[in-house]
Each structure stands twice: as structure tokens, then as C-alpha cells.
Amino acid sequence: MATEAPPAAAAPAAAQDQDINPWSVQGGTDANGEIVAINYEAISKKWATSLVDDALLERFERVTGHKPHIWLRRGLFFSHRDFDRILTRYEHGDPFFLYTGRGPSTGSLHLGHTIPLQFTKWLQDVFDVPLVFMLTDDEKALFKDGLAFEDTLKYGMENARDIIALGFDQKKTFIYSDLKYVGGHFLMNAWEFSRLVPFNQVRGAFGFNESSNVGKIFFPAVQCVAGFATSYPEIWSDPPAEERSKEIAKIDCLIPMGIDQDPYFRLLRDNSHRMRYPSPKPALIHSKFLTALQGPGGKMSSSNPNSAIFMTDTPKQIKTKINKHAFSGGRETLEEHRELGGNPDIDVSYIYLTYFEEDDEKLKKIYDDYKKGEMLTGELKKLAVDLLQKNVEEFQARRALVTDEVLASYMKPRKLEWAGNPNPKPKPAPEPKKGKEGKEAKEPKEAKAKEGKLTKAEKKLAQRPKEDN
Ligand code: TRP
């Protein structure tokens, strides 16, 4: 059995630094001014995130009983903050929810947009937890000149249909438009959060200055507090709680996202304990960007139709785009290619296969054959075309089933239904307090209260060394 993940694209050093922020993603350039691949380890280092490593993946499999998604095994979701803590929560059956979002700047998604979303759906299936899905129609109108709020609202509704077509479980999923939903406890959280954040804390992280409109300056508070359980009183109880509460605020949160969104959530993690009802620092898991057709220095972008495969593309359009525009790591001539071999690491068709070819062994063989020159560029492209056409066609078939009623059912604020871990492990009995161990020592009350609820037999179980299952 092949457990070894196929090699990911290599990233050479850059002469000019890459620039990554929530509004643009640009690879660095080398000494000749050529764009080089985005260096993800460098971002992780710069922003002090943790890299997803084998130990984390092993623990994931042990705790959930699921083999990690190919995108985790292949390093496409490569970085995190406190994902291990979420595993601990899951292990003990403690509550948490998933939160992710999309900025509706156009009416249809491209393939790159769907990656973090498909991954979120997988997490929802594995963990069996609620998901809140934010459509930031407010953000896009504030940040993009020429977009009216009516436009972004409309795009958001169209995007919601795409999101539903990815297969999220309706009973566990609440999709909302900021322009329609933000009010009540959500808005109270946003105002309270905004009071904790001085301008000089966001200006650097988001590139604001004195001329930035004040809506932009407030918006991060909105995107942040969407990670607080108290922002959604309807999903936890029916009727919804009239006031925010300490108990609901404690429900943990995991946010899957493209790495460019991390600045928002650093801000959230820096301030979540300072709210009147403190919340844990939300855990984050970060993806790389789906490479633009032109090559690994940029990401797919809606504003450049030739850079992206759209979820509305026909099979023919997909074929033409790959054949015409997908950057190739093949050689100039057939003879040269046969003799010297191609470079799969920079080949966009190969990179797409790393996303969509599930079979590790098959992928490894493609990598090797291409590198040896035994596989030609045309053959490699054909493999990518086939897989992408299949992915997009299946998506379109599901999209056609999303009626107005289906859309309304996901967007209605309501109590969600989920089960979480079917076999939670009792918590180990708390160690006698040593006083020094910072965080652990600070939470004895909670641990005691929970321990008090165990039966004798459960206590015994809890004292046994952890089993692997
Ligand atoms: N700002 C994001 C965008 O422009 C949308 C978004 C809101 C989001 N909340 C999120 C993305 C949480 C990831 C996770 O697309």
C-alpha cells in the first residue's frame, strides 16, 4: 500500500518577495524578473503558523477513524493553528462548529474557490458538526470599486447555490448573507469586538490608511465575530437564547480557509478571550491556492478568464483551456522530451492531478513517467482534462437540482441537527494541580465540574492509559 504522498511542487528562492494578503496573491520574482512559485513554508514561517506534519495526520486518523483527505496527505492543506486542540475536543465529544466563507465578487465560482469548500464539506462529514457559511456581500461592495451592494447581494445568492451543490448536509449547515443576517447578537458581538481593536492594529495587517473608507475598517470585526458561537443564537436552541451567554461562547470553532485569510483570524485569536463572554481562540486550517493555468506564481482569478476553470465551463472549454493555456513542464521538442524528461513540479496539468487524482500509486507513476520522458505533455494534459471535466460536470448536475426552496432551506436561521463523535472517550482524571503549568492550571474548575458527572465505571475507564482506536 502506498502511504507515501507524491512530491509537491518545489519552490525556488525569490529575488523579490512574494506578496500575500486577503486581497491579492502574487508570487515573488527571481533574478531575471520571472515569477516563481509561491513559497508556502516562507508564509507559514513569517506568520508563525504550524505546518501540518505526519504526527498530526496520524493523530487525526487515530482519533477520527478516517484516513486523512488526499489534500491533507499531499500537503495542499499545509498549515494550521491549534488543529490538534480540535482533535482533542472531538475525541472527548466536546462541542465545536465549523465556520468558513466566501466573498461574492462574481456570480459564479471557479475551481480554485471550491477547494477549501469541498474540504470543509469533508470535515463536516468526518466530524458531524454544524457549519456556518458566511457570504461577505458587505465586504465585496466595500472593497471593490464599482460594485453596488445590490450586485454583491445577488452574487451571494448565486454563490449560495454553488455552495449547496458541493453537497453540504442541510440539517447541519447554515448559509447566510451578511447584508441580510447580521443583526442581533451577531452585530452586538461585532460592535463589542470593534471596541477592543484600535485602528493601529488593523492598519498594518490590512493595509488601511487615513483615506480608507470607515466601512473597510469596521469590516474585520464582522468577519471575526462570525467565529463566535454566540453570533448564531438560532442554531443552538429553539427558541433561540434571548441573551448571549458564557456557556454558548465556550463552544469551540474550526475555520478552514485559504492562507490569505489568516490576517483576519490572527486578529480574532488575539482578542477572543477579551470579550465579555470569552471564546476559545478559533482553530484554523490553511490551504494553498489552486495554481493559475499560467503557472505556480499566481492563483486562479475571476478577473482573468484564461487563468481559471469556471464551474460553468463546458467540457470543450475545459479542454481548450488546458491544451492552450496550462503551463507545461515539458520540453520544446519531442526528441528532447523523450531524452531529458519533463518537469512535473512546475507543470500545471500535473499540479491539477495532485488535487483530483485520488489514487496515490497512479499519481506517483505519472510523476515518474513524465519525469523520465516516457509520458508526453499531450498525454498528461489529457489526464487532467478528463478529471476536470468529470469534476465540473458532476458539479453542474448537482447545481441544477438547487431550487429556490432548497436555497431558502439552507439560508433560514434555525436549530441545526448533528451528532458529533459517536464514541467519545472519557477525559482522563485531572492530574493533581501543580500550579505551574499555566493553562492547565487555570482551568481546574471546568475539569472538576465535568469529572463530577462521571459514574464510577467511567472514572475507572478514564484512568486507564489511552487506547488507540
Ligand atoms: N473574506 C473572504 C473572501 O473574500 C470570505 C470569508 C469570510 C471567509 N469569512 C471567512 C473565508 C472564513 C474563509 C473563512 O473570500
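What is the pair-distance distribution P(r) of the stretch 304-354, computed from all Cα-Cα distances in 5 Å bins starting at 0, with each bin given as a whole percent?
5, 19, 23, 22, 15, 10, 5, 1
Compute the separation of the alpha-carbon centres of the stretch 30-80 and the stretch 332-403 and state it in Å as a whole number.
21 Å
With +1 assigned to the C-beta of every Lys and Arg and -1 to the C-beta of every Asp and Glu, and no other charges, what is the dipole magnitude of the chain about the Cα centre in debye, to the nearest 20?
1760 debye
Rounded to whole Å and sorted largest first, what semi-axes of the equivalent ellipsoid does the C-alpha gyration tensor of the stretch 165-317 yield via the square root of 5 times each eigenvalue?
31, 22, 14
Where does the chain land at 222 nm, in deg cm²/dmol rounded to the nearest 500, when only DSSP H runs of n ≥ 4 count, each adding -39500 (n - 2.57), divided by all residues?
Rounded to the nearest 500, the figure is -13500 deg cm²/dmol.
Between Leu135, Gln201, Asn304, whose Cα lies farthest towards the positive end of the dipole of the chain when Lys and Arg beta carbons carry +1 and Asp and Glu beta carbons carry -1, centred on the Cα centre?
Farthest towards the positive end: Gln201.
Volume per residue, Å³, of the convex hull around the alpha-carbon atoms of the stretch 299-399?
Value for the stretch 299-399: 93 Å³ per residue.
Can you give me the long-range amide H partners of Asn39? Hydrogens built in the peptide plane at 1.01 Å from N, cutoff under 5 Å, separation of 5 or more residues or another chain.
HN-HN under 5 Å from Asn39: Gly28.
For the Cα atoms of the chain, what angle does the longest principal axis make with the long axis of helix 214-225, in degrees from 0 to 90, nearest 10?
70 degrees
Please list, in order along the stretch 335-340, the HN-Hα scalar couplings obtained from phi with the Karplus expression 6.51 cos²θ - 1.76 cosθ + 1.60 (θ = phi - 60°), rounded to whole Hz, x for Gly and Pro.
3J(HN,Hα) across the stretch 335-340, in whole Hz: 4, 4, 5, 4, 7, 9.
Antiparallel DSSP bridges in the chain: what percent, to the nearest 5?
45 percent
Pick out, in residue order, every one of the trypsin sites (Lys or Arg not before Pro) in the stretch 207-293 that is DSSP loop and has at most 11 other C-beta atoms within 10 Å; say none if there are none.
Passing both the DSSP loop test and the Cβ count: Arg276.
What's the whole-number percent of alpha carbon pairs in the stretch 34-292 lying beyond 30 angstrom?
I get 25 percent for the Cα pairs in the stretch 34-292 exceeding 30 Å.
Counting only protein heavy atoms and a 1.4 Å probe, tell me what percentage of the stretch 34-292's accessible area is made up of carbon and sulfur.
Carbon and sulfur atoms account for 50 percent of the accessible area of the stretch 34-292.
Suppose every K and R has +1 on its Cβ and every D and E has -1 on its Cβ; what is the size of the dipole of the stretch 34-292 about the Cα centre, in Debye to the nearest 20?
Here the stretch 34-292 has a charge dipole of around 420 debye.
Net charge near Leu179, counting Lys/Arg +1 and Asp/Glu -1 over other residues with Cβ under 12 Å of its Cβ?
In short, -3.
Among Ile322, Gly101, Val348, pick out the residue whose Cα is farthest towards the positive end of the charge dipole of the chain, where Lys and Arg carry +1 and Asp and Glu carry -1 on C-beta, about the Cα centre.
Highest projection toward the positive end goes to Gly101.
Farthest toward the dipole's positive end in the stretch 34-292, which of His69, Leu166, Tyr181, given Cβ charges of +1 (Lys, Arg) and -1 (Asp, Glu) about the Cα centre?
Of the options given, the answer is His69.
What is the Cα convex hull volume of the chain when expressed per residue in Å³?
Each residue corresponds to 169 Å³ of Cα convex hull volume.
Relative to the first principal axis of the alpha-carbon coordinates of the chain, what is the inclination of helix 360-372, with its axis defined by its Cα atoms, in degrees from 0 to 90 and to the nearest 10?
30 degrees
Over the stretch 299-399, average the accessible area per residue using a 1.4 Å probe and give it in Å², no decimals.
For the stretch 299-399, the per-residue accessible area is 51 Å².
Probe radius 1.4 Å, ligands and nucleic acids ignored: give me the carbon and sulfur share of the accessible area of the stretch 299-399 as a rounded percent.
Percent of accessible area from carbon and sulfur atoms in the stretch 299-399: 51.
Using the Cα centre of the stretch 299-399 as the reference point, and only Cβ charges (+1 on K/R, -1 on D/E), how large is the resulting charge dipole? Debye, rounded to the nearest 20.
Roughly 520 debye for the stretch 299-399.
Return the tail of the calculated pair distribution for the stretch 111-168, meaning the percent of Cα-Cα pairs more than 17 Å apart.
46 percent
Check Phe97: other-chain or 5+ apart residues with amide H under 5 Å from its amide H, H built from backbone geometry?
For Phe97, the qualifying residues are Asp252, Cys253, Leu254.
Using only Cα atoms, tell me the angle between helix 54-64 and the longest principal axis of the chain; keep it within 0 to 90° and round to the nearest 10.
Computed tilt is about 60 degrees.
Determine the alpha carbon to alpha carbon distance for each of Lys180/Lys427; Lys154/Lys250; Lys321/Lys365; Lys45/Lys382; Lys319/Lys412; Lys45/Lys412 and list only those over 32 Å.
Lys180/Lys427; Lys154/Lys250; Lys45/Lys382; Lys319/Lys412; Lys45/Lys412
The values are calculated or read from the model by the stated rules, or taken from the named source; none is laboratory data. Note that the structure is a prediction, hence the values are computed from the model and not measured. In this analysis, Cβ positions are derived from the backbone assuming ideal geometry, glycine residues included, and neighbour counts consider all displayed protein chains. Just so you know, the surface numbers come from the protein's heavy atoms only, side chains and all, with ligands and any DNA or RNA stripped out. Shrake-Rupley method; radii C 1.70, N 1.55, O 1.52, S 1.80 Å.
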